[in-house]
Amino acid sequence: MELTWYGRTCVRLRGKDAVVVSDPYQAVVGPTGRGVTADIVTISHADDNRLPKAKGKASRDGQTLLPTSLEDSFVLDGPGEYEVKHVLLTGVRTYRDDHRGSDRGRNVAFAVELDGLHTIHLGDIGHLLSEEKLGDIGPVNIACVPIGGALSATKAAELCAQLDPNIVVAMPVSDDDDEIDVALAKFFHEMGATRPPPQQKLTVTTSALPQETTTVVLESRGKV
């Protein structure tokens, strides 16, 4: 499976049977300027930066508009268990703050089983997980964790410890390079790990998973 980060909390998982894009934002395109495509789209939270006068197919809650390149994709934006194109997905209700969404609203974390790998995309989660939520998510090989948002660096590291994945993919939620640098520095300090150089994408197989939790930083392949 190939994992690519497009900035903010937008991630693409490319497997043998399907392509899943999580949290595409209205203006996102790939590095060549072409639109991002996928079979399945998951949306964890409403788009905070909708373009003025933007047009496009809306998610079920009407708060997020899809890029035109994804209008034919199968869209999931709520809790539940799904099977699409032989991909198993579980949406788990979470929140964007530590007050059950009263400050910043609700969030859906999506567990995706693709190519035998279990990936959890946490969206813009703002709290630690209860035992019940951890049970709903199940075992995790790859955790995509927001960095620099409502979740402090300490809480982000604690969340990683809760999930105990083989690989952590850091998702800085800011568009500002300086803010990203500060947020990543704090996160890796809390993780007790050395910050690795960014890589263009992550390619993973079930047979090549690291035994100890490894945190990676990806280059943003998205352009606005």
Q) Looking at the stretch 61-76, which of its residues are open to solvent by less than 40 Å² (accessible area, probe 1.4 Å) and part of a strand (DSSP E or B)? A) 65, 75, 76
Q) Using beta carbons and a limit of 6 Å, which pairs, at least six apart or on different chains, have the first residue in the stretch 77-106 and open to solvent by less than 30 Å² (accessible area, probe 1.4 Å) and the second one acidic (Asp, Glu)? A) 92/136; 96/124; 97/103
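Please enumerate the residues belonging to the stretch 135-152 that are in a helix (DSSP H, G or I) and open to solvent by less than 30 Å² (accessible area, probe 1.4 Å). Step through it out loud before you land on a result.
Filtering the stretch 135-152 for residues in a helix (DSSP H, G or I) gives 135-137.
Answer for the stretch 135-152, where residues must be in a helix (DSSP H, G or I) and open to solvent by less than 30 Å² (accessible area, probe 1.4 Å): just 137.
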Q. Counting only residues that are in a loop (DSSP other than H, G, I, E, B) and open to solvent by less than 50 Å² (accessible area, probe 1.4 Å), which one in the stretch 34-55 is modelled with the lowest pLDDT?
A. 54
Q: Scan the stretch 95-134 for residues that are under 22 Å from residue 38 (Cβ atoms) and among the hydroxyl-bearing types (Ser, Thr, Tyr) and jot them down.
A: 119
Q: Quick one: in the stretch 111-134, of everything that is of a type in the set (A, V, I, L, M) and touching a Phe, Trp or Tyr at 6+ places or on another chain (Cβ under 8 Å), which residue is surrounded by the most Cβ atoms within 10 Å (Cβ to Cβ)?
A: 125
Q: Could you grab the pairs with beta carbons closer than 6 Å, sequence gap of 6+ or different chains, first residue in the stretch 181-203 and of a type in the set (Asp, Glu), second one open to solvent by less than 100 Å² (accessible area, probe 1.4 Å)?
A: 190/153; 190/154; 190/157
Q: List every residue pair whose Cβ atoms lie under 9 Å apart, where the two residues are 6 or more positions apart in sequence or sit on different chains, the first residue falls within the stretch 162-176 and is hydroxyl-bearing (Ser, Thr, Tyr), and the second residue, located anywhere, is open to solvent by less than 10 Å² (accessible area, probe 1.4 Å).
A: 174/147
Q.
Which of the numbered conditions does residue 186 fail, given that it passes all the others? Conditions: (1) open to solvent by less than 80 Å² (accessible area, probe 1.4 Å); (2) at pLDDT 95 or above; (3) of a type outside the set (Ser, Thr, Tyr); (4) under 30 Å from residue 130 (Cβ atoms).
A. (1)
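The values are calculated or read from the model by the stated rules, or taken from the named source; none is laboratory data. The model shown is predicted, which means the values in this text are computed figures rather than measured ones. So basically every Cβ, Gly included, is an ideal-geometry build from the backbone, and we count neighbours across all protein chains shown. Please note that ligands, DNA and RNA were not included when accessible areas were found on the heavy atoms of the full protein model with its side chains. Shrake-Rupley method; radii C 1.70, N 1.55, O 1.52, S 1.80 Å.
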